[in-house]
Structures are given as structure tokens and as C-alpha cells.
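What follows is a single structure, written as C-alpha cells, with notes after it.
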Ligand SMILES: Cc1cc2nc3c(=O)[nH]c(=O)nc-3n(C[C@H](O)[C@H](O)[C@H](O)COP(=O)(O)O)c2cc1C
């Protein structure tokens, strides 16, 4: 079932800034969810999840997750049966990279994990290390991984008020994932986060 408009740049709906679940409730309810309903993830839910991970919150470009030196080395991708898309935080848009269904191939790169092959959407957190190595040198590696954790946790909490679940997946072959996703050179995938509605 097609959910996204057939355009190269897809404008996402504005994120909601008030919700019904408190931070405390979300923290107490968070758990890894690996089995999802087959329902496609709606555009407003996708918008909310991407905004939670890396959305812009202030005029100067500050984001929902902190970043060392505000250099923002993370890039998010969304894998749907409709293709692979990159999140553009400044315009809150999705940019279409390919219209191929790579979910099965991505699951294969992740040791055949069913939480990936059976997910309606997978958020990929990738990093461009050179963006922050310029300032922080060898310490950049540590900072990038910390930032990926911040962004991932935002996703894991944001899915709860949407009636959804997620699991952070770190077990995958980097080279295979890069190839399957068609990531540009210099992009390193750090986390695959399948998301979907709770059964
Ligand atoms: C760095 C990291 C990597 C993980 N990789 C995977 C994974 O590849 N597959 C998976 O099913 N769960 C993965 N998990 C989820 C853990 O298995 C899960 O968080 C743990 O069992 C605790 O359960 P909970 O998240 O429900 O509290 C990962 C978690 C972290 C923090």
C-alpha cells in the first residue's frame, strides 16, 4: 500500500509539540518491541518520529537531540516497502533516494533479524564522522556514538504516544547495510530501528 506521494522531496506534516503521555510514563513503558502489525506507518507518525530524533527546534538550527559543538554529524534514513528516503531536518522533508523495496536485503545484512524483515518502517541512524573530526579529532568517534544514543532514545520514547513500538538494532554488517541502503561514501550506519504499530 502506497503511503508517500510520488515526489522526490516529500514535505512532512508539522510535528505535534504537546502529547498525552508524560516523560515519566514513556520512560516506565519503554521496552523493546520486535513484533509489529502489518499496518503501514502513517506520514504524520513518521514525521513525529523523525522530528523526535533530529528535528529542528530553534531558529539557529538546534535539534531535539544534543550535538557536540552543534556540528550535527547524524543523518537519518527511512526504509519503507516504497523505497529509501533521507530526512532533511531544516525543511522537515523526506528526500527519495530510491523506490526499491530493500527491507528483506537489509534484514539479511542484520543477520536475518525478523524484527527488520517484518517491520513496516526502519529508521537508520548514520553518521558522517568527518563533520566533527575537523574540530574534535580522535574524540569525534566517542561523541558520534553518544549522539546516536540520544537520537535513538528519543525515537524509542516518541513511538509510545503514537501507539507504536520499536527496538534498537546494533547487530548488522556495516558494509552490507551501506550497500543495501545505497549510502553515500563517508556515511556509517550505527543503528537500525524498526518501528511499527503494536499488535
Ligand atoms: C547497542 C544496542 C544494540 C542492540 N542490538 C539489538 C539487536 O541487534 N537486535 C535486537 O533484537 N535487540 C537489540 N538491542 C535491544 C536489547 O536486546 C534490549 O534493549 C534489551 O534486551 C533490554 O530489553 P528492553 O529494551 O525491552 O528493556 C540492542 C540494544 C542496544 C542498546
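Among the residues that make up segment 46-60, is at least one of them outside any loop (DSSP other than H, G, I, E, B), more than 24 Å from residue 15 (Cβ to Cβ) and within 16 Å of the ligand (Cβ to nearest atom)? No: segment 46-60 contains no residue that is outside any loop (DSSP other than H, G, I, E, B), more than 24 Å from residue 15 (Cβ to Cβ) and within 16 Å of the ligand (Cβ to nearest atom). Output the residue which, of all residues in segment 74-90 that are outside any strand (DSSP E or B) and touching a strand residue (DSSP E or B) at 6+ places or on another chain (Cβ under 8 Å), is surrounded by the most Cβ atoms within 10 Å (Cβ to Cβ). Filtering segment 74-90 for residues that are outside any strand (DSSP E or B) and touching a strand residue (DSSP E or B) at 6+ places or on another chain (Cβ under 8 Å), the one surrounded by the most Cβ atoms within 10 Å (Cβ to Cβ) comes out as 89.
Could you please let me know if residue 32 is exposed (fewer than 13 other Cβ atoms within 10 Å of the Cβ), within 16 Å of the ligand (Cβ to nearest atom), touching a residue at least 60 places away in the same chain (Cβ under 8 Å) and farther than 17 Å from residue 90 by Cα? Yes, satisfied. Is there any pair linking a residue in segment 164-175 that is closer than 12 Å to residue 121 by Cα to one that is in a helix (DSSP H, G or I) and within 6 Å of the ligand (Cβ to nearest atom), with Cβ under 6 Å and at least six apart or on different chains, and which? From segment 164-175, the pairs are 167/115.
Considering segment 112-133, and only residues there that are touching a residue at least 24 places away in the same chain (Cβ under 8 Å) and part of a helix (DSSP H, G or I), the residue that is surrounded by the fewest Cβ atoms within 10 Å (Cβ to Cβ) turns out to be 130.
Across segment 141-167, the qualifying residues are those that are more than 16 Å from the ligand (Cβ to nearest atom) and closer than 19 Å to residue 76 by Cβ, and the one among them that is surrounded by the fewest Cβ atoms within 10 Å (Cβ to Cβ) is 143.
Let me confirm something: among 26, 40, which residue is assigned to a loop (DSSP other than H, G, I, E, B) and within 22 Å of residue 163 (Cα to Cα)? Steps first, answer last, please.
Values: 26 fails: assigned to a loop (DSSP other than H, G, I, E, B).
Of 26, 40, the one residue that is assigned to a loop (DSSP other than H, G, I, E, B) and within 22 Å of residue 163 (Cα to Cα) is 40.
With away from the ligand (no atom under 16 Å from the Cβ) and in contact with a strand residue (DSSP E or B) (Cβ under 7 Å, 6 or more places away or on another chain) as the only criterion, which of 43, 94 stands out? When all the criteria are applied, what remains is 94.
Only the coordinates and a few stated rules stand behind these numbers; no lab work does. None of these values were measured; they are calculated from a predicted model. Methodologically, a virtual Cβ is constructed for each residue, glycine included, from the backbone with ideal geometry; neighbour enumeration extends over all protein chains shown.
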